[in-house]
Amino acid sequence: MRVLVVEDDDGVAAAVVDALVSAGHGAVRARLAAEVAGLRQDADLVLLDLGLPDADGLTVLRDLRRAGDQPVLVMTARDAERDIVRTLRLGADDYLVKPVRLPELLARIDAVARRRPKTRKAPEVVELGDVRIDLAARQVTAGGTELALTGKEFDILAALARNPGTAVSRQALVEQVWGEATGPRTLDAHVMTLRGKLDRPGLLATVRGFGYRLGS
């Protein structure tokens with residue numbers, strides 16, 4: 001596997017990269033959050049620290065999930081239950097608290113690789129009837145006409161489109177799109193507007209007491 005190690009601590013990064021290479025994996029290191037977008041496409045798995053100098057690691061995780069379903073294993077000093085639960089809800093495949101024993105880290109990476117084969121590719125375009133959602137281009141058309149969606153409206157639609165037919169909780173959507181900056185009522189208001197723009201009754205369904213589902 002090719003692993004992108006996102007870690008600002010030089011000592012930790014060097015030890016992890018050496019262990020990965022010794023185990024037969026390829027490894028490249030990013031020290032800053034800003035470097036991730038340019039390096040992630042060549043990686044099969046991302047090993048992510050949350051305490052980065054230029055951005056919170058949860059923001060990086062949120063961006064990775066918006067871009068696709070690339071496996072992400074979080075390795076961080078944050079050990080509060082709240083942090084662990086939130087990170088997993090945002091889409092991390094596993095969570096390790098530092099200090100981490102290198103044999104355990106390699107075993108966790110292998111386990112993630114088994115669950116998420118590297119041959120699996122996230123869809124770039126999702127089509128539901130005459131609605132076409134281009135995730136990479138951030139473009140949505142309905143009946144051949146491009147829809148003028150706001151950034152948040154597209155992010156909500158994209159989060160649902162990556163798993164069509166699957167219910168996504170309101171809390172998960174709020175955390176993926178806004179983090180902690182807003183509440184469920186703001187999500188509901190955006191969904192209402194999004195439904196009006198899609199103008200496809202039943203396409204974006206409410207799952208009572210839980211969240212929303214795109215498609216049947």
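What follows is calculated from the coordinates using simple rules that are stated; it is not laboratory data. Nothing here was measured: the structure is a model prediction, and the numbers come from that model. With ideal geometry, Cβ positions are generated from the backbone for all residues, glycine too; neighbour counts draw on all protein chains shown.
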Q: Go through 10-17, 170-177, 128-135, 199-206 and give me the packing order, highest mean Cβ count within 10 Å leading.
A: 170-177, 128-135, 10-17, 199-206
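Around A148, under 14 Å between beta carbons, what's the net of Lys plus Arg minus Asp minus Glu among the other residues?
So the environment of A148 carries a net charge of 0.
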Q.
Per residue of the range 193-206, what does 6.51 cos²θ - 1.76 cosθ + 1.60 with θ = phi - 60° give for ³J(HN,Hα)? Whole Hz please, x for Gly and Pro, Karplus curve as stated.
A. 5, 4, 4, x, 6, 5, 6, 10, x, x, 5, 10, 9, 8
Q. Helix 151-161: angle to the longest alpha-carbon principal axis of the chain, degrees 0 to 90, nearest 10?
A. 80 degrees
Q) Restricting to the chain, what percent of DSSP beta bridges are antiparallel, rounded to 5? A) 50 percent
Q: Could you list which residues have their amide H under 5 Å from that of G26, counting only those 5 or more apart in sequence or on another chain, with H placed in the peptide plane?
A: R2, V3
Q: Note the angle between two axes, namely the Cα long axis of helix 10-22 and the longest principal axis of the Cα atoms of the chain, as a number of degrees from 0 to 90, rounded to the nearest 10.
A: 90 degrees
**Q.** Dipole magnitude of the range 68-216 about its Cα centre (Cβ charges: Lys, Arg +1; Asp, Glu -1), debye to nearest 20
**A.** 300 debye
Q. Using alpha carbon centroids, what distance separates the range 57-108 and the range 148-194, in Å?
A. 22 Å
